[in-house]
Amino acid sequence: IADQFIEYYRDTFDLVVAELIVSNGKIAGQADNLSKRKESDIYNLSLLDWKTDREIKFDNPYDNLTEPYSNMPDTNYSKYQLQLNTYKKLFENKYQDHKINEMFINWIYEENDEFKLIEIPEIEIKHL
């Protein structure tokens, strides 16, 4: 599975930085990968984060997250949306000339036949 992703990645992206640390002095995080698409310039970037969960849950009909995100289901996918969007906001606040245009989780689980690149939509981050 990892070899499949590496081949796809090399054909699609150029690495900008691995293990990107972002911070605003109050909150910090570390994204696995900041890249640019081969056809893009350095000012338009892609954020990728690796996940190895057994399952990525998108829906939870019973519980939602707490305020200010109570409109989102309490799932690992929702938490990944918040995580990557937080990284995006922290990065763009620091490097205002650069824009993260797309975010993905690269789901690699040993029982899957292939990697799954799941796009993360941009959402408003209310806690920064």
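The values are calculated or read from the model by the stated rules, or taken from the named source; none is laboratory data. Fair warning: this is a prediction, and the values are worked out from it, not measured in the lab. Here Cβ is always computed from backbone atoms with ideal geometry, including for glycine, and neighbour counts include all displayed protein chains. Heads up: the accessible areas ignore ligands, DNA and RNA and are worked out on the full protein's heavy atoms, side chains in. Shrake-Rupley method; radii C 1.70, N 1.55, O 1.52, S 1.80 Å.
Put 127, 98 in order of accessible area, largest first, 1.4 Å probe: what do you get?
The most accessible residue leads, giving 127, 98.
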Original post:
So how far, in whole Å, is the C-alpha centre of the stretch 89-128 from the one of the stretch 52-71?
Top reply: 17
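Relative to 2.2 N^0.38 Å, what does the C-alpha radius of gyration of the stretch 1-75 come to as a ratio? Two decimals please.
Values: Rg = 16.3 Å, N = 75, 2.2 N^0.38 = 11.3 Å.
Normalised by 2.2 N^0.38 Å, the Cα Rg of the stretch 1-75 equals 1.44.
Tell me the mean residue ellipticity at 222 nm calculated for the chain from its helices only (DSSP H runs of n ≥ 4, each -39500 (n - 2.57), averaged over every residue, nearest 500). Mind showing how you got there, number by number?
On the way: 2 runs with 30 residues, N = 128.
When only DSSP H runs of four or more count, the value is -7500 deg cm²/dmol.
First compute the accessible area of the chain with a 1.4 Å probe, then give the percent of it belonging to carbon and sulfur atoms. List each step's numbers first, then the result.
Numbers: 3590 of 7770 Å².
C and S fraction of accessible area: 46 percent.
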**OP:** Sort out the exposed loop trypsin sites (Lys or Arg not before Pro) in the chain (DSSP loop, at most 10 other Cβ within 10 Å) and tell me the longest stretch that has none.
**Re:** 55-125
Subject >> Per-residue HN-Hα couplings for the stretch 112-128 [Karplus 6.51, -1.76, 1.60; θ = phi - 60°; Hz; x = Gly/Pro] >> reply: 7, 7, 8, 6, 10, 8, 10, 6, 9, x, 6, 10, 6, 9, 9, 9, 10
**OP:** Amide H neighbours of residue 120 under 5 Å, at least 5 residues apart or on other chains, H built in the peptide plane: list them.
**Re:** 103, 104, 105
Original post:
Can you give the accessible area per residue of the chain, in Å², using a 1.4 Å probe?
Top reply: 61
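List the GluC sites (Glu not before Pro) within the stretch 75-128 that DSSP assigns to loop and that have no more than 16 neighbouring Cβ atoms inside 10 Å. Don't skip to the answer; put the middle values down first.
Values: sites: 92, 102, 110, 111, 114, 119, 122, 124; in loops: 110, 111, 114, 122, 124.
Sparse-neighbourhood loop GluC sites (Glu not before Pro): 110, 111, 114, 122, 124.
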Original post:
Under a Cβ-Cβ cut-off of 10 Å, what is the net charge of the residues other than residue 33 that fall near it, where Lys and Arg count +1 and Asp and Glu count -1?
Top reply: -3
**OP:** Consider the candidate values (1) 25, 19, 13; (2) 20, 18, 16; (3) 24, 22, 11; state which one is semi-axes √(5λ) of the Cα gyration tensor in Å computed from the structure displayed.
**Re:** (3)
Subject >> Cut-off under 5 Å, modelled amide H: who pairs with residue 50 long-range >> reply: 32, 106
